[in-house]
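The values are calculated or read from the model by the stated rules, or taken from the named source; none is laboratory data. On a predicted model such as this, the values are computed, not experimentally measured, just so you know. Here Cβ is always computed from backbone atoms with ideal geometry, including for glycine, and neighbour counts include all displayed protein chains. Areas reflect the complete protein model, heavy atoms only, side chains present, ligands, DNA and RNA absent. Shrake-Rupley method; radii C 1.70, N 1.55, O 1.52, S 1.80 Å.
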Amino acid sequence: MIRRSLSKAESVGWRVALAFADEFIVFVSFLVALWMRFDDKPLLQTWNHYVGPRFPGILLSVAFYFLVLVASKMYLQAWRFAGFETIFSLIRASIIAVAGMVLIQYCLYADMMPRSVLFLYWLLSLLGIGTLRLGIRMLGRRFLSSVCNEKKDNTTATVRTIIVGPAEQALAIVKAIAHTSSMRYYSIIGFLDDSDEKQGLFFGGVKVLGTTDLLTKYLENREIDEVIFAQTDDSDPDDIRDLVLECRKRKVLAKVIPNLEDQLLRPRYLRIEDIQMEDLLRRPMRSVDVKSYAGYLTGKRVLITGAGGSIGSEICRQVMRLDPAEVILLGHGENSIFRIAQELRRDYPEMSSNIFTIISSITNQKRISRVFKRFRPQVVFHAAAHKHLPLMEENICEAVHNNVIGTHNVVNACVEYGVEKMVQISTDKAAEPSSIMGATKWICEMVARTAAKQYPDTAFVCVRFGNVLGSRGSVIPVFQEQIRTGGPVTVTHPEMTRFFMAIPEAVRLVIQAGAVGNSGAIYVLDMGKPVRILDLAEDMIRLNGYEPETDIQIAFTGIRPGEKMHETLASNQEQLERTQYDGLNKVQGEVALTYTEAEDIVERFRHLALSLDGEGVLEMLQEVVPGYAKSARAMYSRQVS
């Protein structure tokens, strides 16, 4: 506290000294202007004629000059970082100050000051004040450079770096590095930009060395230690991916600066990040302006089930940006709910008292009903579910109990307590399901859709998407751990494919679907083309600096129970229809069941699950769910129900 007070006092003292210096410069500029205009006359005569009789007016003009500088915030500028906009502000302030002097002289004295004196006075005062600040800027940068160089020489080796991307974006990165003392160890060799007209030009003293084709040469010759990718909205993820793989293959560190939109949505400061898996999707990431769809969330009480999971926690983060009135985090895992609650309260302290945590299973009907009665949520995102496919094949009754009965409890609570909208998170595995998990999620969709027809006052929207990169149940952490331990990396089948999304883009589209979706409809997120799991495994091995089959072996383990070779987004009874919203498709196909029939099915499942009748669950799934694999019964010998 004492150090902070001293620092503040030093800052005020520095500004006062600068103000006195400006006043001295302004007064001396006027005298020099007079001397230059009347250099053929004795100095005393000029003083007696122009200064003595007008001295009060001159002091008043100097004081007015000072007030204009204060009003123009000239004493609040960080002059070490001053740019053209600051210089223009100084020019504007000096013009206003001289105009004020003309007005003061006109009001106080009969004859006007010679116009040449006024012009010289304006020019000299501007040059004097500007030169003073230029000196401050140069000295400040020289001092920072010497301090950083000393730190760099003592602690950190120079990192030879090339920046790949548009030169304008690369220049912004160079400036950020120059102004950040902790990153001054970077030695920027040059830029690589594919624009023909920029080749050979210098941007901020850094040369465009050539196109991105030259990167391989620099990597092979070991001329660089690190590559920074200046990412923009126009960046091709495939190109970035290939270049990053080249860097990692040669054990050269590759980093990426996210585009401006991501920087504004994430931290409040610029940082260089290690490249993330979502930056290497084999398609452009879907960018949705969620704020344009925020009307149904702003000022509302929002409840998220499964709030501690990968998808649920990201829904929490994005909902918080849309100014809800209250956010209720409901989940079964106390540690995960605690972590996301702490994160939200840290990032949104003004909302801390309106963030509520509920530890409960969605299968606890009385508890769910009490939560809805207490908080009266207006919008519900239902992300809670058992989603791990192989585990659910071995825990059939628990999968039905949690996914089907739990969703039925949430749907009933939404109806009973007047929820305006419920968004059900589903999966592509609900289309022509071959797994317990997929079949139970199809029933969840059916429960929500039949409720939508029966209770029009509450809108029920279902959203399907595929595998999510980086989620707890995805292959990414599994592959990463296998690579860390030296392999082998296990892949079920060389031709197996899956649809992949990044967590943030999936949630952005979920929020969009909640805004524009029709009640009772199912929406499917556009996930591009399916990706071979084998390709993903090879990419991850190379990202870690190894070569597949040379450094890290890949082992094929065979398709597991419930798995498909290739996932589909819609069943044979459904058709996909493009909507007017980019990245969002609608599933066409009516649910054949009535609300009464759906209620009867859920009650039968409830009885079978609570009775731990796994055989009965399998028989009923085959009876109820269209396309459910007939081979499911053969797997039951391994179940514990």
*asked:* If ARG464 meets every condition in (1) in contact with an Asp or Glu (Cβ under 9 Å, 6 or more places away or on another chain); (2) open to solvent by 10 Å² or more (accessible area, probe 1.4 Å); (3) basic (Lys, Arg) apart from one, which number is that one?
replied: (2)
_Condition (residue is small (Gly, Ala, Ser) and within 28 Å of ASN572 (Cβ to Cβ)) applied to the range 358-372: is it met by at least one residue?_
no
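One line per residue, one yes/no per condition, for (1) of a type in the set (Phe, Trp, Tyr); (2) at pLDDT below 80:
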{"site": "GLY562", "(1), (2)": "no, yes"}
{"site": "GLU574", "(1), (2)": "no, yes"}
{"site": "GLU590", "(1), (2)": "no, yes"}
{"site": "TYR595", "(1), (2)": "yes, no"}
{"site": "ILE601", "(1), (2)": "no, no"}
{"site": "PRO626", "(1), (2)": "no, no"}
{"site": "LYS630", "(1), (2)": "no, yes"}
{"site": "MET635", "(1), (2)": "no, yes"}
_If I go through the range 86-130 residue by residue, how many of them are under 16 Å from ALA71 (Cβ atoms) and charged (D, E, K, R)?_
1
*Which fully enclosed helices (runs of 4 or more DSSP H) of the range 28-116 have 2 or more residues being at pLDDT 70 or above and among the aromatic types (Phe, Trp, Tyr)?*
55-71, 84-108
*Working only within the range 441-454, note down all residues that are among the hydroxyl-bearing types (Ser, Thr, Tyr) and either open to solvent by 10 Å² or more (accessible area, probe 1.4 Å) or modelled with pLDDT of 95 or more (or both).*
none
*For the range 312-325, which residues satisfy the criterion of being within 18 Å of ALA383 (Cα to Cα) and touching a strand residue (DSSP E or B) at 6+ places or on another chain (Cβ under 6 Å)?*
GLY312, ILE315, CYS316, VAL319
*Starting from the range 485-496, keep only residues that are assigned to a loop (DSSP other than H, G, I, E, B), then list their pairs with residues that are surrounded by 18 or more Cβ atoms within 10 Å (Cβ to Cβ) whose Cβ atoms are within a distance under 6 Å, requiring at least 6 positions of separation or different chains.*
GLY487/ILE552; PRO494/LEU534; MET496/ILE533
*Mind checking which residues of the range 438-454 are farther than 14 Å from PHE605 by Cα and small (Gly, Ala, Ser)?*
GLY438, ALA448, ALA451, ALA452
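Matching residues to (1) in contact (Cβ under 8 Å) with a residue 60 or more places away in the chain; (2) over 22 Å from GLU334 (Cα atoms); (3) open to solvent by less than 10 Å² (accessible area, probe 1.4 Å):
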position	(1), (2), (3)
TYR348	no, no, no
ILE358	no, no, no
ARG374	no, no, no
VAL380	yes, no, yes
ALA399	no, no, yes
ASN402	no, no, no
LYS421	yes, yes, no
LYS429	yes, yes, no
*Test each condition in (1) modelled with pLDDT of 65 or more; (2) open to solvent by 90 Å² or more (accessible area, probe 1.4 Å) for ARG3 and report the one that comes out false.*
(1)
_Only one of GLU495, GLU481, GLU505 is acidic (Asp, Glu) and within 18 Å of LEU569 (Cβ to Cβ). Can you tell me which?_
GLU505
*Does THR596 satisfy the condition of being under 30 Å from PRO488 (Cβ atoms) and among the polar types (S, T, N, Q)?*
no
*Could you please let me know if ALA413 is open to solvent by less than 20 Å² (accessible area, probe 1.4 Å), at pLDDT below 95, closer than 20 Å to GLY331 by Cβ and out of contact with any strand residue (DSSP E or B) (no Cβ under 8 Å at 6 or more places or on another chain)?*
no
*Name the residues in the range 536-550 that are touching a residue at least 12 places away in the same chain (Cβ under 8 Å) and either open to solvent by 30 Å² or more (accessible area, probe 1.4 Å) or among the aliphatic types (A, V, I, L, M) (or both), would you?*
LEU536, ALA537, GLU538, MET540, ILE541, ARG542, LEU543, ASN544, TYR546, GLU547
*Out of ALA502, ALA452, sole residue that is out of contact with any Asp or Glu (no Cβ under 8 Å at 6 or more places or on another chain) and aliphatic (A, V, I, L, M)*: ALA452
*Take GLY558 and decide whether it is in a loop (DSSP other than H, G, I, E, B) and within 30 Å of LEU584 (Cβ to Cβ).*
no
_I need the full set of residues from the range 131-167 which are open to solvent by 40 Å² or more (accessible area, probe 1.4 Å), modelled with pLDDT of 70 or more and either touching a strand residue (DSSP E or B) at 6+ places or on another chain (Cβ under 7 Å) or not in a helix (DSSP H, G or I) (or both), in order please._
THR158, ARG160, PRO166
*Consider GLU577 against the criteria (1) open to solvent by 70 Å² or more (accessible area, probe 1.4 Å); (2) among the acidic types (Asp, Glu); (3) part of a loop (DSSP other than H, G, I, E, B): it satisfies all of them except one. Which criterion is unmet?*
(3)
*Would you please list the contacts, defined by Cβ atoms under 8 Å and residues six or more apart or on different chains, that run from a residue in the range 315-332 that is over 14 Å from THR298 (Cα atoms) to a residue that is among the basic types (Lys, Arg)?*
ILE328/ARG301
*asked:* List pairs: first residue in the range 54-78 and under 12 Å from MET101 (Cβ atoms), second residue open to solvent by 20 Å² or more (accessible area, probe 1.4 Å) and part of a loop (DSSP other than H, G, I, E, B) anywhere in the structure, Cβ distance under 7 angstrom, at least six positions apart or on different chains.
replied: ARG54/TYR109; GLY57/TYR109
*asked:* Suppose we filter the range 188-214 for residues that are open to solvent by less than 70 Å² (accessible area, probe 1.4 Å) and under 23 Å from ALA176 (Cβ atoms); how many remain?
replied: 15
*Could you say whether any residue in the range 607-621 is at pLDDT 80 or above and under 29 Å from the mean Cα position of the chain (by Cα)?*
no
